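In what follows, a structure is listed as structure tokens, so that the remarks can point back to it.
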């Protein structure tokens, strides 16, 4: 006689993923703190190289954090992450080099 097994697909065996509300709130708080810091710099520091540098750095940090969290890049393999980050670094370097060569940043007053 053939041995027949009955398979039950009960919900008890399944694992239901927890909602990601903690991660969402953590991301919200981190981005809010970074944005508040940007506002603090915007209204307290006079215009100049330092203020521009802080804004550029904070924008890049926030962009990488958003890409890592919401586009799930931080969960990818390292080679894919580097394939995305390296060109971005070179583009930022190129922009800085072009601005410096064109005397846009270091204009003598």
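With a simple spin-label model that places each label point 7 Å from the Cα along the Cα-to-Cβ direction, the separation between residue 90 and residue 55 comes to 2.8 nm. The label-point distance for residue 31 and residue 18, in a model that sets each label 7 Å from Cα toward Cβ, rounds to 2.2 nm. Put in line by how crowded their Cβ is, counting other Cβ atoms within 10 Å and starting with the fewest, 69, 101 read 101, 69. FRET efficiency for the residue 103 to residue 82 pair, using the beta carbon distance and R₀ = 25 Å, is estimated at 0.15. Taking the fewest neighbouring Cβ atoms within 10 Å as the starting point, the ordered list for 32, 79 is 79, 32. Here 35, 27 are placed in order of increasing Cβ neighbour count within 10 Å, fewest first, which gives 35, 27.
Read-outs: derived from the displayed coordinates by stated rules, not from any lab. What you see is a predicted model, and the numbers here were worked out from it, not measured in a lab. Please note: Cβ atoms are built from the backbone with ideal geometry, for glycine as well, and neighbour counts cover all protein chains shown.
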